[in-house]
C-alpha cells in the first residue's frame with residue numbers, strides 16, 4: 001500500500017526554508033542549493049495559482065521526492081518555515097512579507113523593481129521580523145559594491161561615472177536593481193543624492209555632461225545572466241570595475257548565506273554588506 005510522501009521531520013539544527021516562485025528558474029536553483037546544503041531543509045514551496053506545478057512535489061524536477069508540494073496558499077507554504085526566500089515580483093513580494101510578518105517567518109528578498117512604497121512596507125515589516133533585502137545576492141557582486149565605494153571616494157573629482165548593465169531578453173525592469181544599488185553606493189560615497197544626479201536616458205542634443213552626474217545604460221538580449229561595469233573616466237585614463245554572472249547558482253548560494261545570517265537576528269532590515277561583514281570593512 002502506498003500513500004502520499006510525508007515531509008521530512010524537522011531537524012532543529014537545520015534552517016527550515018520556504019521558496020517563493022518555486023517552479024521558476026531561480027526557484028529551481030534555490031531548491032537545488034537547499035537540497036545540496038548540509039544545514040538547510042526545504043520546508044515550503046510557493047507559486048502563483050496558475051502555475052502548472054501546483055500540487056506537485058517541489059523537487060520533482062530533480063527526480064527527488066522532498067515531500068513538499070508547491071502551493072499557492074501562503075499560510076500552508078509558510079507554516080513549517082523559519083525563513084522565506086523570495087525572488088518574485090514586487091506585488092507578490094509585498095504580499096508574502098505581510099504573511100511572514102503575521103506568522104513570524106523571517107525573509108530573504110532578492111526581488112528587484114521595488115518602488116519606494118514597496119520598500120516602506122518592507123521596512124515596516126522589519127520592525128517585527130528579520131529581513132535581508134538586496135537586489136543581488138551574489139557574494140562577488142557585493143564585494144564589487146565595496147570596491148566601488150572605495151573607488152568613488154578616491155576618484156571623487158575629475159572622473160565621470162557611468163554604469164553599464166546587460167541582462168537577458170526576459171528581464172522586465174531597467175536599469176537592473178543591481179545597477180541602481182551600485183549607483184546608490186557610489187552616490188552615498190560621494191555625498192550625492194542619486195535621485196538628483198542619476199541620468200537614465202540620453203537622446204538628441206543633450207549638452208555637455210554634468211560632472212556630478214552618474215549615468216546608466218541598459219542592454220537587453222539573449223540569455224545574459226547579468227553583467228555590470230562601472231566606468232570611472234578621467235583625463236588620460238579610465239578605470240573599469242566589472243562583474244559578470246555566468247550562473248544564477250551564485251545568487252542561490254548567497255541567499256543561503258543570508259538565511260544563516262538571519263538565524264541570529266530577531267528583527268530588523270539588513271543587506272548583504274551585513275551578511276558578509278562588509279559594513280565597516
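Just so it is clear, none of the values below were taken in a lab; they were calculated from the coordinates. Nothing here was measured: the structure is a model prediction, and the numbers come from that model. All Cβ positions, even for glycine, are placed from backbone atoms using ideal geometry, and neighbour counts span all protein chains on display.
Can you bin region 67-203 into rounded, prolate or oblate? Criterion: square roots of the alpha carbon gyration tensor eigenvalues sorted a ≥ b ≥ c, rounded for a/c under 1.5, prolate for a/b above b/c, oblate for the rest.
It is prolate, given that a/c is not under 1.5 and a/b is the larger ratio.
Of the peptides 159-165, 146-152, how do they stack up when ordered by the mean number of other Cβ atoms within 10 Å, highest first?
Ranking, from highest mean packing down: 159-165, 146-152.
Starting from the Cα gyration tensor of the chain, take the square roots of the eigenvalues, sort them a ≥ b ≥ c, and report rounded, prolate or oblate (rounded when a/c is under 1.5, otherwise prolate if a/b is larger than b/c, else oblate).
Prolate.
Based only on other Cβ atoms within 10 Å, what is the fewest-to-most ordering of 171, 153?
With the fewest neighbours first, 171, 153 line up as 153, 171.
Set the Förster distance to 35 Å, then compute FRET efficiency between residue 223 and residue 266 from the Cβ-Cβ distance, nearest 0.05.
Plugging the Cβ-Cβ distance into 1/(1 + (r/R0)^6) gives 0.30.
With axes computed from alpha carbons, what is the tilt in degrees of helix 116-125 against the longest principal axis of the chain, rounded to the nearest 10 within 0 to 90?
Between helix and principal axis, roughly 50 degrees.
What spacing in nm lies between the two simple spin-label points modelled at residue 213 and residue 278, each 7 Å away from Cα in the Cβ direction?
2.8 nm
Using only the alpha-carbon atoms, how far is helix 177-190 inclined from the longest principal axis of the chain? Give it as 0 to 90 degrees, nearest 10.
Approximately 50 degrees, to the nearest 10.
Share of antiparallel DSSP beta bridges in the chain, in percent to the nearest 5?
Bridges in the chain that DSSP calls antiparallel: roughly 35 percent.
So how much slack lies between residue 157 and residue 103, counting 0.36 nm per residue of separation and subtracting their Cα-Cα distance, in nm?
14.5 nm
Order these peptides, 45-52, 80-87, by their mean beta-carbon neighbour count within 10 angstrom, highest first.
With the highest mean Cβ count within 10 Å placed first, the list reads 80-87, 45-52.
Set the Förster radius R0 to 22 Å, insert the Cβ-Cβ distance between residue 62 and residue 91 as r into 1/(1 + (r/R0)^6), and round the FRET efficiency to 0.05.
Numbers: r = 29 Å, r/R0 = 1.32.
E between residue 62 and residue 91, to the nearest 0.05, is 0.15.
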